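To start, the structure itself, in structure tokens.
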Amino acid sequence: MKNISILGSTGSIGTQALSVIEAHPDLYRVCAITGQSNANLLVSQALKFKPELVVICDLDLYNEVKAALAHTEIKVLAGVDALCEAASLPQANFVLTAIVGSAGLKPTIAAIKAGKDIGLANKETLVVAGDLVMRLAKEFGVKVIPVDSEHSAIFQCLVGEELNSVEKIYLTASGGPFRGKDRNFLQTVTKNEALKHPNWVMGAKITIDSASLMNKGLEVIEAKWLFDLEADQIDVIVHPQSIVHSLVQFNDGSMKAQMGLPDMKLPIHYAFAYPGRISSNFKRFNFMDCPELTFSQADAKTFRNLDLAYQALRKGGNMACIVNAANEVVVSAFLKDQIGFLEMSDVIESCMNKVEFIAEPSLNNYLETDAHTRIFAHQLVTKQVK
Ligand code: NDP
Ligand code: MG
């Protein structure tokens, strides 16, 4: 029996993970769930799955959640620090990190230090501090199993290839809702247009990241840390159908791909079952529904974020942490109509140029860089609003 803590159970990944667990009550149990602001959903999940611990991060919602669960044995905690309790709960032997943003860093570290295997959806944690997190995972003998579909694909292609040498990997990208558009068009796009992803239904932040290609940039950095690769070994290829989830090219020139319908329940299911596979009733891909799979170059000139992420990866140190924090601020501002689509990259680039670079950051340095960059990015956004 796998006892699973889900950090971010009220989100897109969190709710899909619960549906995977619900389908296999003989294999999986939920022992902790956490939410930020959706108290109603968190309470109904708690009543249904009966975990030992529920954490509501927004302190103002504690009384509401506590009262709704008062007639149960479930422990209720509030606040960001309580996330680390959910991550290191003694009953848990697996932690799914499905929080959005760098808020996932501290609880992920807490889970690793408590010896829990990680199902990692929260890519920002590896973008911010991938060196540190992977070093700790090694030190504590913890597996980090990717849930992000591209990285799950690479991970699956690498099973059985432990002794073999990877030449490079290709991360596939759908291209998002603005594939093929020029900068003139992008100047005036709205959040509602950006939120319409052609293939995936996801949380708002990652959907905007997909439209701006920052999601692929973050994924390139995520791949570097998960698979111990150099920047030149990671390529991005646009594949609008989202059927080939990513590919590995080995040193003999042979390539392996993992394919399937775009459904996040698949990589979640795989992360839970790893190293095995268990049967599912998910819809199967039919070649005749999609007989043409196409591939093209990513347009890094129009979508500058991909290039900024590669620059950060090559520079190393705290640069990817700067990119991530600036991106979280501009995406939130774009979702509030405070900044234009193209201006997001300008703010990120200014932060990369202005926030202090640290070549070998400690955890504290990462946390400080995250905080400083947010303040600086907010100032830049405010200037744009004026
Ligand atoms: P959602 O926005 O749908 O959900 C985010 C979850 O985190 C919610 O439970 C939310 O709580 C909680 N949360 C938000 N902010 C905080 C915070 N500051 N502290 C603690 N908890 C917080 O996001 P997704 O599920 O789409 O994405 C989650 C992660 O998975 C992201 O890192 C994303 O990049 C990654 N991912 C997602 C994919 C997808 O298909 N959705 C695909 C691949 C990767 P509440 O809802 O209660 O406010
Ligand atoms: Mg992905």
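The values are calculated or read from the model by the stated rules, or taken from the named source; none is laboratory data. Remember, it's a predicted structure, so these values are computed and weren't measured experimentally. All Cβ positions, even for glycine, are placed from backbone atoms using ideal geometry, and neighbour counts span all protein chains on display.
Of everything in region 76-99 that's of a type in the set (V, I, T) and surrounded by fewer than 24 Cβ atoms within 10 Å (Cβ to Cβ), which residue is farthest from ligand 1 (Cβ to nearest atom)?
Out of the qualifying residues, it is V76.
Please return the ranges of strands (runs of 3 or more DSSP E) entirely within region 90-153 where 2 or more residues are in contact with an Asp or Glu (Cβ under 8 Å, 6 or more places away or on another chain). Show your work before the answer.
Numbers: elements: 94-97, 117-120, 144-146.
So the answer is 94-97, 144-146.
Out of curiosity, is I6 closer than 17 Å to N93 by Cβ, of a type outside the set (D, E), at pLDDT 95 or above and within 12 Å of ligand 1 (Cβ to nearest atom)? Can you show your working first?
Numbers: closer than 17 Å to N93 by Cβ: yes; of a type outside the set (D, E): yes; at pLDDT 95 or above: yes; within 12 Å of ligand 1 (Cβ to nearest atom): yes.
The answer is yes for I6.
S279 passes all but one of (1) among the small types (G, A, S); (2) more than 16 Å from I221 (Cα to Cα); (3) in contact with a Cys (Cβ under 6 Å, 6 or more places away or on another chain); which number fails?
Condition not satisfied by S279: (3).
Please enumerate the residues belonging to region 42-68 that are within 25 Å of D148 (Cα to Cα), within 13 Å of ligand 1 (Cβ to nearest atom) and more than 21 Å from the chain's Cα centre (by Cα).
Once the filter is applied, which keeps residues that are within 25 Å of D148 (Cα to Cα), within 13 Å of ligand 1 (Cβ to nearest atom) and more than 21 Å from the chain's Cα centre (by Cα), region 42-68 yields Q45, V54.
If you check V76, V95, which single one turns out to be within 24 Å of Y270 (Cα to Cα), touching a strand residue (DSSP E or B) at 6+ places or on another chain (Cβ under 9 Å) and assigned by TED's automatic domain parsing to the domain that holds S12?
V95
Among residues belonging to region 141-190 that are small (G, A, S) and surrounded by 12 or more Cβ atoms within 10 Å (Cβ to Cβ), point out the one that is farthest from ligand 1 (Cβ to nearest atom). Let's see the steps before the verdict.
Restricting attention to region 141-190, the residues satisfying the condition of being small (G, A, S) are 141, 149, 152-153, 160, 165, 173-176, 180.
Okay, now just the ones that are also surrounded by 12 or more Cβ atoms within 10 Å (Cβ to Cβ), so 149, 152-153, 173-176.
Working: S149: 6, S152: 9, A153: 12, A173: 13, S174: 12, G175: 16, G176: 13 Å.
Restricting to residues being small (G, A, S) and surrounded by 12 or more Cβ atoms within 10 Å (Cβ to Cβ), the top hit is G175.
Please go through region 203-221 and give me each residue that is in contact with an Asp or Glu (Cβ under 9 Å, 6 or more places away or on another chain) and within 9 Å of ligand 1 (Cβ to nearest atom), ordered by number.
Answer for region 203-221, where residues must be in contact with an Asp or Glu (Cβ under 9 Å, 6 or more places away or on another chain) and within 9 Å of ligand 1 (Cβ to nearest atom): K205, N215, L218, E219.
If only one of R304, R314, R284 is of a type in the set (D, E, K, R) and in contact (Cβ under 8 Å) with a residue 60 or more places away in the chain, which one is it?
One residue alone meets the criteria, R314.
Going by the structure shown, is K301 of a type outside the set (S, T, Y) and either assigned by TED's automatic domain parsing to the domain that holds L126 or within 30 Å of A92 (Cα to Cα) (or both)?
Judged against the criteria, K301 is not a match.
Residue by residue through region 332-361, note down the ones that are part of a loop (DSSP other than H, G, I, E, B) and touching a residue at least 60 places away in the same chain (Cβ under 8 Å).
Residues satisfying the conditions are D337, G340, F341, L342, P361.
Would you confirm, using the coordinates I've provided, whether A173 is within 15 Å of the chain's Cα centre (by Cα), within 14 Å of ligand 2 (Cβ to nearest atom) and of a type in the set (A, V, I, L, M, F, W, C)?
Taking the combined requirement at face value, the residue satisfies it.
Return yes or no: is E343 touching a Lys or Arg at 6+ places or on another chain (Cβ under 8 Å), surrounded by 13 or more Cβ atoms within 10 Å (Cβ to Cβ), at pLDDT 95 or above and not assigned by TED's automatic domain parsing to the domain that holds G130?
no
Quick one: is I112 buried (at least 24 other Cβ atoms within 10 Å of the Cβ), more than 15 Å from ligand 1 (Cβ to nearest atom), over 29 Å from N40 (Cβ atoms) and modelled with pLDDT of 95 or more?
Taking the combined requirement at face value, the residue satisfies it.
Checking the conditions here, which among A371, A325 is within 21 Å of the chain's Cα centre (by Cα) and surrounded by 13 or more Cβ atoms within 10 Å (Cβ to Cβ)?
Numbers: A371 fails: surrounded by 13 or more Cβ atoms within 10 Å (Cβ to Cβ).
Testing whether each residue is within 21 Å of the chain's Cα centre (by Cα) and surrounded by 13 or more Cβ atoms within 10 Å (Cβ to Cβ) leaves just A325.
Just name the residue that is surrounded by the fewest Cβ atoms within 10 Å (Cβ to Cβ) out of those in region 215-235 that are of a type in the set (D, E) and assigned to a helix (DSSP H, G or I).
That would be D232.
I'd like to verify a number: residues in region 47-82 that are in a helix (DSSP H, G or I) and charged (D, E, K, R), how many?
Looking only at that region, the number is 5.
Can you find even one residue in region 131-141 that is in contact (Cβ under 8 Å) with a residue 40 or more places away in the chain and within 12 Å of the chain's Cα centre (by Cα)?
Keep residues of region 131-141 that are in contact (Cβ under 8 Å) with a residue 40 or more places away in the chain, which gives 131-134.
Then keep just the ones that are within 12 Å of the chain's Cα centre (by Cα); that gives none.
Checked region 131-141: no residue is in contact (Cβ under 8 Å) with a residue 40 or more places away in the chain and within 12 Å of the chain's Cα centre (by Cα).
Among the residues of region 13-35, write down those that are out of contact with any strand residue (DSSP E or B) (no Cβ under 8 Å at 6 or more places or on another chain) and either within 11 Å of ligand 1 (Cβ to nearest atom) or in a helix (DSSP H, G or I) (or both).
Taking region 13-35 first, the residues out of contact with any strand residue (DSSP E or B) (no Cβ under 8 Å at 6 or more places or on another chain) are 15-16, 19, 22-26.
The answer is T15, Q16, S19, E22, A23.
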